[in-house]
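The next block holds one structure in the form of structure tokens; read it before the comments.
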Amino acid sequence: MNINLTLFGQMVTFAFFVWFCMKFVWPIILQAMEERQQKIADGLDAADRAVRDLDAAQSKVSDQLKEAKQAAAGIIDQANKRANQIVDEAKEQATAEGERLKVAAQAEIEQEVNRAKEELRATVAGLAIAGAEKVLEASIDEKANKAIVDKLAAEL
Amino acid sequence: MAGENPASTTEYIQHHLQNLVYGNHPENGWGFAHGAQEAAEMGFMAFHVDSLAWSLGLGLIFCWMFRSAAKRATTGVPSGFLNFIELIVEFIDGSVKDSFHGVNKMVAPLALTIFVWVFLMNLMDLIPVDLIPYLMAKAGVGYQKIVPSTDPNITMGMALGVFILMLYYSIKIKGTGFIKELTMHPFNHWAFIPVNLFMETVGLLAKPFSLGLRLFGNMYAGEMIFILIAMMFAAGAGGGIAAGGIHAQIFGEHTSFLFWLAVFALVCGVCWLNLKGKISTGKTVLIAAIIMTLSGGLFAFAGGLMQWGWAVFHILVITLQAFIFMVLTIVYLSMAHEDH
């Protein structure tokens, strides 16, 4: 336990190491650590912000989705209505066309019947006249008898 | 290394406590001291080469470690090594912020240097006491104390460095207030100035002394216990008790180290067989115990176990002492910065 020059040797060494640490070690490491701390804090902030943004975006998306669904439902409704309308219109048209055809056919039938009646009447009148001619031969005044025959034919 | 008689035991201890000294001998001039006698004759004009070399080397290791960490310092993800360094730096930074309230860029790096350096110097205590002195003796160097903090020169050197800083900052920050603190405290009356001055000076001087001597005392005592255990274990292996006796009967006093190597290999082999699952654990312990008892190594084993136990406890001591030295430095410097 003897004190000697080693004491001063150690003091010099000590001073040198403290200087070295002060100049080349401590500030650099601490600065890096503080910067990293800042970076991490910023990162966490950004993450929080991102979560908030995400929430906002999600609600926006769901809103838009709702709107779109509503719009789609509206369009489908409209389309259905329009389709019904078209079907109705077509039905009406078809009915009307059918009616028209029926009327036309009836008219034609009536016309045919009338014409047939006319023809029949004319033929019967002719036949009656011919028959009467045969019966009465020339003695009969054609003009006087024609009225009677026409009257007869009209009654047919 | 230790003998059986008290004389060589004392020699063994003294040999372990003698530094490698380079100094100015009154008769022989500058040179290495041959023995404690010559070292003592050199007086103040001498260097403890081993203490200085180890402390310088450990300090350089500290610088290199932290400098390489500083070079790698990144704001990104730190690697494992950098993480470890940052853990220490953060711990020191926290300690400084807790107890130092002034503004001084020097205190934190100072605390870091003290903590790591003192820790490394103390750590040398955990290297088996005989190993390095033995190797150095083989290399031709007679004395070697590898734990710098068991040298009062080293611990007092650091404590004095801290003391100078304390004085410097006291005068710089307080100016005349420092003189007032020394003279008008604790009795605030001009008649008490001599009493106050005496008491305050003693109080002031006690700080570096307690700082340096506490570390020295703790480390010296720890080293001493390692030496004593080492002696006990050597005495056990060579002594005349039970197993040692059998060993001495069979192999004689002087055993070649090859014998110990063979025993070591044998025990390792048994353990290896156990690990491979060839023999049961109970058998392994039994066979190993028989081998060790026969070879007289059981006492050596017990000694080794004690060394190990003390070393485990000592890990706590060396860390604690490094921490105390650092904290007290911070506190003293903080006191130097506080104006009353």
Selection from A:A15, A:A79, B:M335, by position along the positive dipole direction of the protein assembly as shown (Cβ): A:A15
For peptide B:42-51, how many partner chain Cβ atoms fall within 10 Å of a residue's Cβ, on average? 4
Just to confirm the number: angle between the C-alpha axis of helix A:142-155 and the first principal axis of chain A, 0 to 90 degrees, nearest 10? 40
Report, by chain and number, residues whose modeled amide H sits under 5 Å from the one on B:I279, excluding near sequence neighbours (fewer than 5 apart, same chain). B:N274
Label point 7 Å out from B:M106 along Cα-to-Cβ: which residues of segment B:136-173 have amide N under 19 Å? B:156-173
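Among all lysine pairs in segment B:108-242 that are eight or more places apart or on different chains, how many have alpha carbons less than 24 angstrom apart?
4
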One finds, for A:V12 and B:T201 with R0 = 30 angstrom and r their Cβ-Cβ distance, a FRET efficiency to the nearest 0.05 of 0.70
Counting each DSSP H run of 4 or more residues in chain B as -39500 (n - 2.57), what helix-only mean residue ellipticity at 222 nm follows after dividing by all residues, to the nearest 500 deg cm²/dmol? -24500 deg cm²/dmol
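Please say if chain B is rounded, prolate or oblate, where rounded means a/c under 1.5 for a ≥ b ≥ c the square roots of the C-alpha gyration tensor eigenvalues, and otherwise the choice is prolate for a/b larger than b/c and oblate otherwise? Can you show the working numbers first?
Details: a/c = 2.53, a/b = 1.73, b/c = 1.46.
Taking the square roots of the gyration eigenvalues as a ≥ b ≥ c, chain B is prolate.
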Report the full-extension gain for the segment A:A47 to A:D77: residue separation times 0.36 nm, less the Cα-Cα distance, to one decimal in nm. 6.4 nm
Reachable lysines from A:K146, Cα under 18 Å, same-chain residues fewer than 8 places away excluded? A:K134
Please turn the phi angles of segment B:210-222 into ³J(HN,Hα) values with the Karplus equation 6.51 cos²θ - 1.76 cosθ + 1.60 (θ = phi - 60°), one per residue in order, whole Hz, x for glycine and proline. 5, 4, x, 6, 4, 4, 4, x, 4, 5, 4, 5, x
Please give, to one decimal in nm, the separation of the simple spin-label points placed at A:A122 and B:K283, each 7 Å out from Cα toward the Cβ. 14.2
About the Cα centre, and with charges only on the beta carbon of Lys, Arg (+1) and Asp, Glu (-1), how big is the dipole of chain B? Nearest 20 debye, please. 980
Amide H partners (placed H, <5 Å) of B:F47, local residues excluded: B:Y22, B:G23
Let me have the 222 nm mean residue ellipticity of chain A computed from DSSP H runs of 4+ only, each contributing -39500 (n - 2.57), with the sum over all residues rounded to the nearest 500. -33500 deg cm²/dmol
Rounded, prolate or oblate for segment B:69-185? Axes are the square roots of the Cα gyration tensor eigenvalues, ordered a ≥ b ≥ c, and the cut-off for rounded is a/c under 1.5. oblate
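How would you classify the protein assembly as shown from its alpha-carbon gyration tensor, with a ≥ b ≥ c the square roots of the eigenvalues: rounded for a/c under 1.5, else prolate if a/b is greater than b/c, otherwise oblate?
Details: a/c = 7.15, a/b = 2.96, b/c = 2.41.
Here the protein assembly as shown falls in the prolate category.
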Taking the alpha-carbon distance from A:K66 and a cut-off under 24 Å, which lysines remain once sequence neighbours fewer than 8 residues away in the same chain are dropped? A:K81
Within segment A:31-56, list the residues whose amide N lies under 20 Å from a label point set 7 Å along Cα→Cβ of B:L87. A:31-34, A:36-37
Entries in A:K117/A:K143; A:K23/B:K71; B:K71/B:K97 that, when Cα-Cα distance is taken, lie over 18 Å: A:K117/A:K143; B:K71/B:K97
I need the phi-derived Karplus couplings for segment B:85-91: 6.51 cos²θ - 1.76 cosθ + 1.60, θ = phi - 60°, integer Hz, Gly and Pro marked x. 4, 5, 4, 5, 4, 5, 4
Gain upon complete extension [B:H185, B:L131; 0.36 nm per residue less C-alpha separation]: 14.2 nm
With a cut-off of 8 Å between alpha carbons and a minimum separation of six or more residues, what is the relative contact order of chain B in percent? 23
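Rule-based calculations on the coordinates, nothing more; no lab input. Worth saying up front: this structure is predicted, and the values here are computed from it rather than measured. Cβ atoms come from the backbone with ideal geometry, glycine included; neighbour counts cover every protein chain shown.
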